[in-house]
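Heads up, the thing below is written out as structure tokens.
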Protein chains: 6
Amino acid sequence: MTSERLKIMLLGPLTAGKKREETIQNVKKTYDSVKHPQTDIEVVLIKQGSSFINTRFDASLNTSYALLEMEKAEDKGFDAIYNGCFADVGVTAARERLNIPVLGAGHASITIATLLGRRFSILTPLKNGIPLMEDLVRSYGLESKLASVRSLDIPVEQLSVQSKKLKQRLLEEAEKTIKEDGADVIVFGCGGLIGLEKWLQNKLKIPVISPTIGLKVLESLLNIGLSHSKIAYPSPPPEKERLIKY
Amino acid sequence: MTSERLKIMLLGPLTAGKKREETIQNVKKTYDSVKHPQTDIEVVLIKQGSSFINTRFDASLNTSYALLEMEKAEDKGFDAIYNGCFADVGVTAARERLNIPVLGAGHASITIATLLGRRFSILTPLKNGIPLMEDLVRSYGLESKLASVRSLDIPVEQLSVQSKKLKQRLLEEAEKTIKEDGADVIVFGCGGLIGLEKWLQNKLKIPVISPTIGLKVLESLLNIGLSHSKIAYPSPPPEKERLIKY
Amino acid sequence: MTSERLKIMLLGPLTAGKKREETIQNVKKTYDSVKHPQTDIEVVLIKQGSSFINTRFDASLNTSYALLEMEKAEDKGFDAIYNGCFADVGVTAARERLNIPVLGAGHASITIATLLGRRFSILTPLKNGIPLMEDLVRSYGLESKLASVRSLDIPVEQLSVQSKKLKQRLLEEAEKTIKEDGADVIVFGCGGLIGLEKWLQNKLKIPVISPTIGLKVLESLLNIGLSHSKIAYPSPPPEKERLIKY
Amino acid sequence: MTSERLKIMLLGPLTAGKKREETIQNVKKTYDSVKHPQTDIEVVLIKQGSSFINTRFDASLNTSYALLEMEKAEDKGFDAIYNGCFADVGVTAARERLNIPVLGAGHASITIATLLGRRFSILTPLKNGIPLMEDLVRSYGLESKLASVRSLDIPVEQLSVQSKKLKQRLLEEAEKTIKEDGADVIVFGCGGLIGLEKWLQNKLKIPVISPTIGLKVLESLLNIGLSHSKIAYPSPPPEKERLIKY
Amino acid sequence: MTSERLKIMLLGPLTAGKKREETIQNVKKTYDSVKHPQTDIEVVLIKQGSSFINTRFDASLNTSYALLEMEKAEDKGFDAIYNGCFADVGVTAARERLNIPVLGAGHASITIATLLGRRFSILTPLKNGIPLMEDLVRSYGLESKLASVRSLDIPVEQLSVQSKKLKQRLLEEAEKTIKEDGADVIVFGCGGLIGLEKWLQNKLKIPVISPTIGLKVLESLLNIGLSHSKIAYPSPPPEKERLIKY
Amino acid sequence: MTSERLKIMLLGPLTAGKKREETIQNVKKTYDSVKHPQTDIEVVLIKQGSSFINTRFDASLNTSYALLEMEKAEDKGFDAIYNGCFADVGVTAARERLNIPVLGAGHASITIATLLGRRFSILTPLKNGIPLMEDLVRSYGLESKLASVRSLDIPVEQLSVQSKKLKQRLLEEAEKTIKEDGADVIVFGCGGLIGLEKWLQNKLKIPVISPTIGLKVLESLLNIGLSHSKIAYPSPPPEKERLIKY
């Protein structure tokens, strides 16, 4: 392992609306608790767009803005970007634009899920997020490993890890994924659920994966000296005419 | 067939830079020549973003802006949107947001290709467009029908249907898709190639599909009274906090 | 759009038994109501074979005869053939034999279904038609998009669009495809259901596709100048010894 | 093993034209040399249709007639039908219509191929047979095991197992399937090649499968008491109106 | 058919513990009743390892020992090996090591199942055997044909074909595979069930396949002169340093 | 991150023959250089079996012995097992038998490859290793991401990272995977290649993955508190009769 410090941009491709400061602090605290001592994390939210991401509509609406923030990462001295929203908003494009490693929480979480079991299920805040998750899994070619996506019927912005109702809903739906859908690994399809993975894992006795695993994978890649392939994600030709007000 | 007039937004999810006016006029002229007499077409380009779409990076950079234009379509009285760029920028999200039919040129073109042959190839302006096209085909679940994507090595903004070089490159690459890749249908992966499909079809004696076919399909859907499924593309819940300057 | 008249053979690969004249008139009336003004439709039924197509057995029994009728289309001055039976009886072979466009109702319907939703279900008259439909969908490589095939338990020859029972069965089974099978688009797997698509669509609020859409697609192909690929459907070598009494 | 005699219809779904008697005798002799002593084989050719099957067109043209011959098998006292033409003409429909085992040479050959290697290639008389073979393999869900289909460029009716040219072409194309396509098993896609499998196997040192294997498989099924599933191939409802002159 | 005697090793990759002699006699008797008169069968069990195979753990634990027994087959004068345990323990490796045909009961059974129906289900002794069976089916690329694997909840060593409870459990689970899982062929996933296939077949009216079918297939291969491909299963290079105490 | 020390068994499922001590020391040194400071690694080789693993035959021959060593891990106080041989010998069975995390180098390497690119290729010592690698990739359901497996034509036991010839062969074959097979990530299919990944990565400018990445992934899983799912890998029932001399 190298002994240099690693500076990672923790991107939230959402504005968080009125919860902006609270969100930044919570995310920072969460990832600081799992990161390697030599890692420094800076949380960045976008400045325009939807406040939270519940649907494919929200994800698309925020794509340009997420990309505009990620574009700045190399100039700002970041060593890597971890896109902490499960929808992997703008990740593919950022991998084309940048040379530093860019990793999405969705990609990392479902990939690690395939290492631990045979069929995973994703829990997502709203029903409208189901096609979003299914499309994402398919885009990574892992649809044969997906048991199901189930919704908690609670919007992202109302998820509160202290809430009894949230715990109850998590348990109800997770148990259905096991008994009815054949899942053997649970994946949290939203950063707002971080903090409940250990609790749920103890209840279910199967692995429960949250987006935090992706930060560890990203640190491992950086330690070993690996990044995404620039043949798979070729740099775009230099732009001549681009018009952005942001 | 109904006898009402149909008003269709022909969206170009690009600014076209200095070629903006010229592009709007060309697209208008092209689609007016294939449309049904009862159809009215209005060409709309986005006001911010990349000038043309050659890469996944360009496509993502323009997604928010494309969506912001498409969002207005119902209020502006359009009966449907045809997104004329092969990358189908923002189409899925617009289908969630709107109730009028929204169709992407990429989706329509490759779907019709599967009606006419066994394995199709896509010709795309730049090599960087290859992963964009491959991802698109996979997102529609039609990867088993794709023979190949080949590049003309000419950026979108330099495509000129009068150009001898363009014709030569089209013929060269199209013949390779047939002989080396096993294609039996050619799909133009860019609106900038419209006008050369008949010429190439005569040379190759196999179907050559351009984005114009999608307008005809959209007219057919409107005639028969069909639109996208709102179970597949559920309307997003009402937004409370959204911050956009556009 | 071209301004020439188009003469389309509307082939029913069945004899219709005692209902022959009635069937010819009904089909003619149905397609005349959706066709483009410049299109002329002539309904052709086969002269030998099974009266209606409920099973793979019926479909195979009628294949030679359907092909013998379609073979004559070019000599009779038709511009295209629309094979209106969902089983696409003899379509592949006719595409090999002929140069004019040949399109099957099954192929067209399920292909358009994939443009409008994520997973479609087919409603078919008898349970025995289920493997027929499943095989057809698989032959087009679209099995990953198929939610289910469900039967109405009413033979084709007894389908009557005025029947209360038929409406009730349609609604019952269509609702099951949505709730139990995850369908978001309904496809009528039989021409005998034409006329009930709007009614069902209003009830379910999702797209309901009948074989009429295929005629519109075929008109679009003719308008744009597209036909099936003769590499995919190569002309058979000239026959020397063929023995047919028909 | 039971000790009863088994009477098997060896169906050729072709008229064989002027070579009718010669073909019947050759096929009889071939299968008599591989059959079990307790098996009796009767060769049946169809009375109308194409003389030989080189294309999907030929196969479809002969489907009704093949079915009409197979329909009579139970009444004529046959214990099973072996459809010796690789195109499996009418096999699915005959399985619906009959209760005795019906097996197609194509289905049997490629299924046994998957038992012996990882990827098989099919050799077919004419190039026009390539899509026929590819469709067949896909209809059995074995496309992931298919390395390639290659053509000998010799029509079925001109195949002569004594011919030097045929041997040369077989060797040439078979070697290409191994070196260029990654095949490790060769399948003869035509009964007209029977007799050359041992010779080619000795040259190539990999398994060469001809349609004769299917007769052995059928005998094994009969010995063990197995037939096709009548849930998978449900009997058609009784016909009321059927019009056939044959 | 050749008239030479065939000597087949019937390998049981298990020690059978205290039931060793009884198991050898039962297996011998079973296969003697289905074999061809010219076939001689010798039953061989391994000398170390797990007594019976219920899990992937058991199968792996016995792999080295199964291979050590199969290695000796050519020197001992066997013409072929039939590995009668459904888990196909060591079969792939033995095919690499040997030139005589080696066939596994699992591979043969599920392959024949695909010849007889559309979707098969496997009945396995214990629940722990389900992933074993699913992995096996996937390793042969036939997962699209698998309706389900269901457990009888009776360990292999307690299966008794006279037991009323076993018959009841077989019937219960087999009926569920048909009604709930869509199976149309049943496959016995364990040699311990041999003897009940006819009884169950009469009850269900669909094919019930036991490992005995594989012996008939192996005899057919030997009769026709076919073995596994040595390109697919290449002989390992000569070993220099190998350390085995067995 | 927790601050406890982690004790990991680094299993080599091979005896290494005369190179036993040298191999243990090299592997120890290699993994010590990439491990986290809090991790302790103990290298364990099997005591019987093949000296190195070049083929499926070698892998199967060593399976029982590898499992016997892994079985002891919990009693010996290990926190996890990293099976450093790419063939993942006995990993599935060990996951059933044990509760501590067990990870295979093959599984980890190809899974991480899918995070970094679109299509990976594996470099393997001998040609006989190609089917081994292809089967492994398929067993993890990642065959759609595999560009190719290519052989260096040097047996494992002769791989020497100082060798000029090895570097030359690596470069030659890796370049072919990119140019001819479409790979964008390279995976070393053998622990014997560790040490050359950085060198090759600098030459090719695409990611080169060696089995060391798996140790980092395993550390990440342990840090986050994740292990394999015991529903996917259920514990075998207690054995009553087992006979092993080892």
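Key figures for this structure:
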| item | result |
| --- | --- |
| Some residue of the stretch E:232-240 being within 16 Å of residue E:103 (Cβ to Cβ) and surrounded by fewer than 24 Cβ atoms within 10 Å (Cβ to Cβ) | yes |
| Residue B:186 vs. criteria more than 8 Å from chain C (Cβ to nearest Cβ) and crowded, with 24+ Cβ neighbours inside 10 Å | yes |
| Considering residues of the stretch D:27-46 that are of a type in the set (Lys, Arg) and under 25 Å from residue D:74 (Cβ atoms) only, the residue surrounded by the fewest Cβ atoms within 10 Å (Cβ to Cβ) | D:28 |
| Complete set of residues in the stretch C:110-135 that are more than 9 Å from chain B (Cβ to nearest Cβ), open to solvent by 10 Å² or more (accessible area, probe 1.4 Å) and assigned to a loop (DSSP other than H, G, I, E, B) | C:126, C:127, C:128 |
| Residue that is modelled with the lowest pLDDT, among those in the stretch C:155-183 that are among the hydroxyl-bearing types (Ser, Thr, Tyr) and open to solvent by 30 Å² or more (accessible area, probe 1.4 Å) | C:160 |
| Qualifying residues in the stretch F:59-77 (those that are facing another protein chain (nearest Cβ under 7 Å) and open to solvent by 10 Å² or more (accessible area, probe 1.4 Å)) - the one nearest to residue F:13 (Cα to Cα) | F:63 |
| Number of the condition not met by residue D:163 [criteria: (1) under 23 Å from residue D:16 (Cβ atoms); (2) more than 13 Å from chain C (Cβ to nearest Cβ); (3) in contact (Cβ under 8 Å) with a residue 12 or more places away in the chain] | (3) |
| Odd one out for residue F:220 among (1) at the interface with another protein chain (Cβ under 7 Å from one of its Cβ atoms); (2) out of contact with any strand residue (DSSP E or B) (no Cβ under 8 Å at 6 or more places or on another chain); (3) over 30 Å from residue A:194 (Cα atoms) | (3) |
| Checking residue C:140 against (1) open to solvent by 10 Å² or more (accessible area, probe 1.4 Å); (2) more than 18 Å from the chain's Cα centre (by Cα), the condition it does not meet | (2) |
| Among the candidates F:234, F:238, F:207, residue that is at pLDDT 95 or above, within 30 Å of residue E:20 (Cβ to Cβ) and within 12 Å of another protein chain (Cβ to nearest Cβ) | F:234 |
| Long-range neighbours under 8 Å by Cβ, at least six apart or interchain, first residue more than 11 Å from residue D:142 (Cβ to Cβ) and of a type outside the set (S, T, N, Q) within the stretch D:105-121, second modelled with pLDDT under 95 and part of a helix (DSSP H, G or I) | D:105/D:191 |
| Which listed residue is in contact (Cβ under 8 Å) with a residue 24 or more places away in the chain and either within 14 Å of chain B (Cβ to nearest Cβ) or basic (Lys, Arg) (or both), from A:39, A:55, A:30, A:23 | A:55 |
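One line per residue, one yes/no per condition, for (1) closer than 22 Å to residue B:214 by Cα; (2) open to solvent by less than 20 Å² (accessible area, probe 1.4 Å); (3) of a type in the set (A, V, I, L, M, F, W, C):
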site	(1), (2), (3)
C:17	no, no, no
C:24	no, no, yes
C:48	no, yes, no
C:94	no, yes, yes
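The values are calculated or read from the model by the stated rules, or taken from the named source; none is laboratory data. This structure is a prediction, so every number in the text was calculated from the model and none was measured. Glycine also receives a Cβ, built like all others from the backbone with ideal geometry; neighbour counts cover every protein chain displayed. Side chains included, ligands, DNA and RNA excluded: accessible areas come from the protein's heavy atoms. Shrake-Rupley method; radii C 1.70, N 1.55, O 1.52, S 1.80 Å.
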